[in-house]
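This report concerns only the one structure given below.
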Amino acid sequence: MDWEGVTGRLPEGVRVIFYPKDAQGRKIDTYLPAKGGEMKVPPGHYLAVIYNYDTEVVQVKGEDSYETIMACTGNCTGLGDSETENMVWGPDNFYVATLDDVEIGKGEELPTLEVRPKSVVTTYIFSIKTEGLKNVSSIIGSVSGMAECYHLGKGAGLCRFAPIYCETGKGNGVIKGSFTCFGHPELTQARADITQFLNLIIVRVDGSRQEAKVEITEAVKPPEDEPGEGDEKPQESEIEIELPDDEKIVVDDVEVPPDESGGGFDGSVSDWDDETNVELPVG
């Protein structure tokens with residue numbers, strides 16, 4: 001397997017599934033080292049999928065057939081806020097290769113399959129101008145309309161309209177954040193055009209909440225292929241979402257409740273300012 005230019009850190013290994021295209025072969029499911037290896041496959045014509053199995057968040061389902069095998073993530077749990085219960089996690093590193101026509105003959109010579117996986121996960125980062133950050137205690141973020149699943153056989157991201165959780169923070173006059181997904185959706189469970197939004201629930205210092213919705217449809221739209229380009233372009237690993245200059249969130253002013261306890265800790269979102277490190281000698 002050729003990982004050059006795909007990742008600098010090889011996964012623990014890969015799962016390889018051969019699906020028969022006719023009655024001659026049979027389904028073969030095995031695990032190999034990341035750099036490949038040998039496996040026994042009966043003669044026949046096959047489709048095959050290969051992917052890394054060492055993911056923490058990505059779950060592969062529908063493995064019974066090439067037409068149904070799909071990667072998704074689970075619902076957000078353990079965050080302590082009911083607003084996140086309908087969200088799903090963004091995927092971690094996931095690499096996929098497919099073979100749509102493999103012929104295994106009855107000869108003694110073993111065929112060698114040259115396989116080059118590709119990353120199917122993209123990280124998106126964003127920054128939104130914000131007034132009134134002093135009123136912000138915490139931020140709950142999600143993105144809607146992006147691909148939260150990936151169809152391995154079709155090689156396409158799928159939107160099933162579950163919002164994807166975003167990491168968020170504040171500082172220097174902006175709300176910043178990032179999320180991972182299976183890119184811009186090429187498949188959808190609805191016929192209507194999909195609109196993409198950043199959805200922010202801003203928890204203010206008095207405990208009240210304010211919602212903000214920022215449309216990013218044009219900002220995340222993939223570029224169109226130039227005429228004459230036949231080869232598939234590799235998916236970008238990180239994309240910065242560029243918003244219009246006049247895009248801005250204004251957080252309403254609130255009164256900070258007095259601290260009656262006289263102690264405790266500050267549970268607010270920390271600013272992203274420069275920090276001074278202290279060197280500690282370690283023996």
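We did not get these values from a lab; they are worked out from the coordinates using the rules stated. Since the structure is predicted, the reported quantities are computational estimates derived from the model, not experimental observations. Because the Cβ atoms are built from the backbone with ideal geometry, glycine has one as well, and the counts that use them run over all protein chains shown.
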Using Cα pairs closer than 8 Å and at least 6 residues apart in sequence, work out the relative contact order for the chain, in percent. 17
Quick calc, Asp252 & Ile125: beta-carbon distance into FRET formula, R0 25 Å, rounding 0.05, result 0.40
Going toward the positive end of the dipole of the chain, with +1 on Lys and Arg Cβ and -1 on Asp and Glu Cβ, which of Tyr124, Met1, Ala48 do you reach last? Ala48
Would you work out which of Gly169, Ala156, Thr112 lies farthest towards the positive end of the dipole of the stretch 103-203? Charges go on Cβ: Lys and Arg +1, Asp and Glu -1. Gly169
Taking only C-alpha pairs under 8 Å that are 6+ residues apart, what is the relative contact order of the stretch 44-174 in percent? 29
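Can you pull out the GluC sites (Glu not before Pro) in the stretch 60-90 that DSSP calls coil and that have at most 16 other Cβ atoms within 10 Å?
Working: sites: Glu63, Glu67, Glu83, Glu85; in loops: Glu63, Glu67, Glu85.
Loop-located and lightly packed - Glu63, Glu67, Glu85.
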As a quick test, which of the pairs Lys134/Lys170; Lys40/Lys106; Lys21/Lys154; Lys27/Lys118 have an alpha carbon distance above 18 angstrom in this structure? Lys27/Lys118
Based on DSSP, what percent of beta bridges with both residues in the chain are antiparallel, to the nearest 5? 85
Point-charge dipole on Cβ atoms (K/R +1, D/E -1) for the stretch 1-102, about Cα centre, debye to 20: 440
Once the other residues with Cβ under 12 Å from the Cβ of Val115 are scored (Lys, Arg +1; Asp, Glu -1), what is the net sum? +1
Hey, what do the phi angles of the stretch 119-129 turn into as Karplus ³J(HN,Hα) couplings, whole Hz, using 6.51/-1.76/1.60 and θ = phi - 60°, x for Gly and Pro? 6, 10, 10, 10, 9, 10, 10, 9, 8, 10, 4
About the Cα centre of the chain, how large is the charge dipole given +1 on each Lys and Arg Cβ and -1 on each Asp and Glu Cβ? Please answer in debye to the nearest 20. 1120
For the stretch 76-129 versus the stretch 137-184, the gap between their alpha-carbon centres in whole angstrom: 15
Which chymotrypsin sites (Phe, Trp or Tyr not before Pro) from the stretch 130-198 combine a DSSP loop assignment with at most 15 other Cβ atoms within 10 Å? Phe161
Can you give the convex hull volume per residue for the Cα atoms of the chain, as a whole number of Å³? 212
